[in-house]
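The values are calculated or read from the model by the stated rules, or taken from the named source; none is laboratory data. Keep in mind it's a predicted model, so treat the numbers as computed, not measured. Cβ: placed from backbone, ideal geometry, glycine included. Neighbour counts: every protein chain shown. Note: areas computed on protein heavy atoms with side chains; ligands, DNA, RNA excluded. Shrake-Rupley method; radii C 1.70, N 1.55, O 1.52, S 1.80 Å.
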Amino acid sequence: MRWIISLALASVCASSFLVFSYSHEKASKAAPAETQSYLGFDRNEYPGDAALSVLRKSFTFASYWLSAPPGGKSNSWAGKRSLLQSQGFGFLLLYNGRAAEQVRTAQLAEAAGLADARNAAAAARNEGFPKGSVIFLDQEEGGRFSQEQHLYLHTWAAELERQEFRAGIYCSGIPVDEGGGSHVTTANDIRAHISDPDVVYWVYNDACPPSIGCEAGKNLPAPSESGVAGAEVWQFVRSPREKKVARHCKGYTNDGNCYAPLDKNHEWFLDMDVATTANPSAPH
């Protein structure tokens with residue numbers, strides 16, 4: 001009887017081991033692959049039609065201004081959506097936002113937020129971008145935002161949603177020392193005040209580390225490595241190089257700019273970005 005029981009126990013153990021091995025093998029095969037990062041570029045001025053085929057060999061997506069960029073009086077990207085799309089580029093839609101001095105009061109902040117959201121939505125429709133596309137509001141200033149700035153961003157996001165587009169914000173991901181051992185990161189400050197979990201964040205942080213410098217190789221970092229959790233796009237290179245922030249970064253040319261690997265004549269200086277998708281502004 002003991003011999004029969006021993007055989008039965010051995011059989012059960014063997015069966016359990018086989019089931020475990022099979023389940024473990026299936027779980028291993030079903031384990032999700034690491035999230036892929038996609039490389040893109042952005043610049044204020046359109047690089048020219050002839051540049052697109054060269055840039056497409058290195059980059060998956062490109063910025064696309066829906067307004068004049070900071071400091072500009074006109075928008076050289078206007079009317080170029082179809083051409084970029086025919087080359088296979090994804091998009092980062094951008095709209096130039098207001099600086100702190102332009103939204104000094106609650107009345108100014110609300111009026112600016114409404115106007116900018118409506119104008120951005122109208123421009124996106126005019127360019128042929130579909131409903132639900134993500135439009136990033138360009139916010140260049142870093143540090144802690146004022147109540148009026150937060151009101152401006154909240155109004156922008158809410159009105160853009162009413163216009164059937166999704167709000168995104170381009171902002172700093174660089175920690176700023178406020179003294180007394182206190183630091184603030186603009187992206188986190190915005191997220192804590194905007195009360196909208198659907199806002200998409202495109203952050204800039206070109207300090208090395210975490211940035212890899214002006215590099216466009218295969219080992220691309222993930223946006224989450226920017227220092228801002230949940231960021232979907234990370235601008236890890238700015239041209240020209242910020243001497244104070246990016247002084248330890250490599251890959252820039254002697255003129256202080258970053259160029260695409262195949263831009264041998266250094267015709268189009270640019271910023272570099274990584275994103276969680278090949279078309280960051282696509283409806284999702």
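Within the range 230-252, the set of residues being open to solvent by 70 Å² or more (accessible area, probe 1.4 Å) and either among the acidic types (Asp, Glu) or within 12 Å of the chain's Cα centre (by Cα) (or both) comprises just one member, Glu242. When Val176 is tested against the conditions (1) modelled with pLDDT under 95; (2) open to solvent by less than 10 Å² (accessible area, probe 1.4 Å); (3) aliphatic (A, V, I, L, M), the lone failure is (2). The condition (being open to solvent by 20 Å² or more (accessible area, probe 1.4 Å), not polar (S, T, N, Q) and not in a helix (DSSP H, G or I)) is satisfied by just one residue among Cys214, Cys171, Cys208: Cys208. Among the listed residues Leu137, Leu151, which satisfies the condition of being touching a Phe, Trp or Tyr at 6+ places or on another chain (Cβ under 8 Å) and either of a type outside the set (Val, Ile, Thr) or under 19 Å from Ala192 (Cα atoms) (or both)? Leu137 is the lone residue from the list that is touching a Phe, Trp or Tyr at 6+ places or on another chain (Cβ under 8 Å) and either of a type outside the set (Val, Ile, Thr) or under 19 Å from Ala192 (Cα atoms) (or both).
The listed residues are Val200, Val134, Val184, and the only one of them that is under 30 Å from Asp263 (Cα atoms), under 20 Å from the mean Cα position of the chain (by Cα), open to solvent by less than 50 Å² (accessible area, probe 1.4 Å) and β-branched (Val, Ile, Thr) turns out to be Val134.
How many of the residues making up the range 264-279 are open to solvent by less than 20 Å² (accessible area, probe 1.4 Å) and at pLDDT below 95? Show your work before the answer.
First pass over the range 264-279, keeping only residues open to solvent by less than 20 Å² (accessible area, probe 1.4 Å): 270, 272-275.
Narrowing further to those that are at pLDDT below 95: none.
Result for the range 264-279: 0.
Can you confirm whether the range 145-154 contains a residue that is assigned to a loop (DSSP other than H, G, I, E, B), open to solvent by less than 10 Å² (accessible area, probe 1.4 Å) and either in contact with a Lys or Arg (Cβ under 7 Å, 6 or more places away or on another chain) or touching a residue at least 40 places away in the same chain (Cβ under 8 Å) (or both)? No. Residues that are closer than 19 Å to Pro280 by Cα and assigned to a helix (DSSP H, G or I) are absent from the range 58-75.
Given the condition of a type in the set (Ser, Thr, Tyr) and within 17 Å of the chain's Cα centre (by Cα), answer yes or no: does some residue in the range 80-101 qualify?
So in the range 80-101, the residues of a type in the set (Ser, Thr, Tyr) come out as 82, 86, 95.
Among the residues that remain, those that are also within 17 Å of the chain's Cα centre (by Cα) are: 95.
Within the range 80-101 (the criterion being of a type in the set (Ser, Thr, Tyr) and within 17 Å of the chain's Cα centre (by Cα)), the answer is yes, since at least one residue qualifies.
Among residues of the range 260-278 that are assigned to a loop (DSSP other than H, G, I, E, B), those with a beta-carbon under 7 Å from a residue that is open to solvent by less than 60 Å² (accessible area, probe 1.4 Å) and of a type in the set (S, T, N, Q) at least six positions away or on a different chain give the pairs Ala260/Ser58; Pro261/Ser58; Leu262/Ser58; His266/Thr253; Phe269/Ser239; Phe269/Asn257; Leu270/Ser239; Ala278/Thr60. Restricting attention to the range 81-119, the residues that are open to solvent by 50 Å² or more (accessible area, probe 1.4 Å), touching a residue at least 12 places away in the same chain (Cβ under 8 Å) and under 23 Å from Ser58 (Cα atoms) total 3.
Looking across the range 198-227, just one residue is charged (D, E, K, R), out of contact with any Cys (no Cβ under 8 Å at 6 or more places or on another chain) and under 14 Å from Arg241 (Cα atoms), and that is Glu215.
What about Ile194, is it in contact (Cβ under 8 Å) with a residue 12 or more places away in the chain, open to solvent by 40 Å² or more (accessible area, probe 1.4 Å) and among the hydrophobic types (A, V, I, L, M, F, W, C)?
On the way: in contact (Cβ under 8 Å) with a residue 12 or more places away in the chain: yes; open to solvent by 40 Å² or more (accessible area, probe 1.4 Å): no; among the hydrophobic types (A, V, I, L, M, F, W, C): yes.
Criteria not met by Ile194.
Do you know which residues across the range 65-75 are buried (at least 16 other Cβ atoms within 10 Å of the Cβ) and in contact with an Asp or Glu (Cβ under 8 Å, 6 or more places away or on another chain)? Answer for the range 65-75, where residues must be buried (at least 16 other Cβ atoms within 10 Å of the Cβ) and in contact with an Asp or Glu (Cβ under 8 Å, 6 or more places away or on another chain): Leu66, Pro69.
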